[in-house]
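As structure tokens, the structure follows; a few thoughts come after it.
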Amino acid sequence: MAQPASLLLVDDEQDIIKLMEIYFGNEGYRIFTANDGIQALEVLKTEDIDLIILDVMMPNMDGIEACMKIREEQKMPIIMLSAKSTDIDKITGLSIGADDYLTKPFNPLELVARAKSQLRRYHTFNEGRESKEHEWIIDDLIINTDTHEVWVDDRPVHLTPREFAVLELLARHQGSVLSMEQIYRQVWKEEFMESNNTVMVHIRKLREKIEHDSKHPKFIQTVWGVGYKMIKPI
């Protein structure tokens, strides 16, 4: 069984630390805490941390300095927290190596969602990651055939079983054109009738759910007079 992800929560406000411990603990994460940047760096010397939530304003060593020191050696996701909400503060945080920025006071559920998104992105696109037979990554589209989950830009996409089956079939044949008859036979396991527009309807619904612009599809392309194909990343 895979070990749960480890989170390092860094903030000098104990009420916020306790709040985050409750919400992330309920999600099953392993939790480590620190009250300032110096303590955070000490934790990183002995623990394998998958994601850091780092407050900006702290004594001894603030979040900005801590983030820069962490980035000298490590690349796990960092979400910065700050009471400052101006654009320049956000730009500063992101420019020194943070992956996301959330303004206090924050919704704990939003913080959990952002952490999950960063963890998924990190483990999906981390350098040296081994590809999995049950997963396809096509630009910012991720298809997991074990869990029947689909994400676009780290946003979960909810598909019907038939829609997922069509998408999976196209993903398995990336770059190849499949006719409507081929798709229908393999997904519906029935004989195809020329007047049957079932495949066309499912393709349209898929595009509405996974494409940024369904009228100018990026992932599922039409080859006129032949069928459909899923793009193959270069």
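When we measure straight from the Cα of Lys116, which lysines land under 29 angstrom away, once same-chain ones fewer than 8 places off are left out? Straight-line reach from Lys116, under 29 Å: Lys18, Lys45, Lys69, Lys75, Lys84, Lys90, Lys104, Lys132, Lys205, Lys209, Lys218, Lys232.
Cβ-Cβ distance of Thr222 and Asn26, R₀ of 35 Å, FRET efficiency by 1/(1 + (r/R0)^6): the value works out to about 0.20. In units of the compact-protein estimate 2.2 N^0.38 Å, segment 1-92 shows a Cα radius of gyration of 1.05. For the chain, the spread of Cα positions along the three principal axes, ordered from largest to smallest, is 72, 40, 31 Å. Since only Gln118, Cys67, Trp136 are under comparison, the one whose Cα sits farthest along the positive direction of the charge dipole of the chain, derived from C-beta charges on Lys, Arg, Asp and Glu, is Trp136.
Label separation (Glu194 vs His158): 4.0 nm, computed from points 7 Å beyond Cα along the C-beta direction.
Between Ala113 and Ile38, how high is the FRET efficiency from 1/(1 + (r/R0)^6) when r is the Cβ-Cβ distance and R₀ = 22 Å? Nearest 0.05.
On the way: r = 30 Å, r/R0 = 1.34.
Computed FRET efficiency for Ala113 and Ile38: 0.15.
Under 13 Å Cα to Cα from Lys189, which aspartates and glutamates show up? Leave out anything in the same chain fewer than 8 places away. Filter leaves Glu181. Subtracting the Cα-Cα distance of Phe106 and Arg172 from their residue separation scaled by 0.36 nm leaves 19.7 nm. Charge dipole of segment 135-230 (Cα centre as origin; +1 on each Lys and Arg Cβ, -1 on each Asp and Glu Cβ, all else neutral): 280 debye, rounded to the nearest 20. Given the options Asp100, Asp213, Asp62, which has the most mean-square fluctuation in a GNM of the chain, springs set between C-alpha atoms less than 10 angstrom apart? Comparing Asp100, Asp213, Asp62 in the GNM, the peak value goes to Asp213.
Cβ-Cβ distance of Asp15 and Asn144, R₀ of 45 Å, FRET efficiency by 1/(1 + (r/R0)^6): the value works out to about 0.75. Once you reduce segment 170-204 and segment 23-83 to the center of their Cα atoms, the two points are 49 Å from each other.
FYI, it's all coordinate maths here, none of it is from the lab. The structure presented is a predicted model; accordingly, all values stated were derived computationally and were not measured. Every residue, glycine as well, gets a Cβ built from its backbone with ideal geometry; the counts of neighbours run over all protein chains shown.
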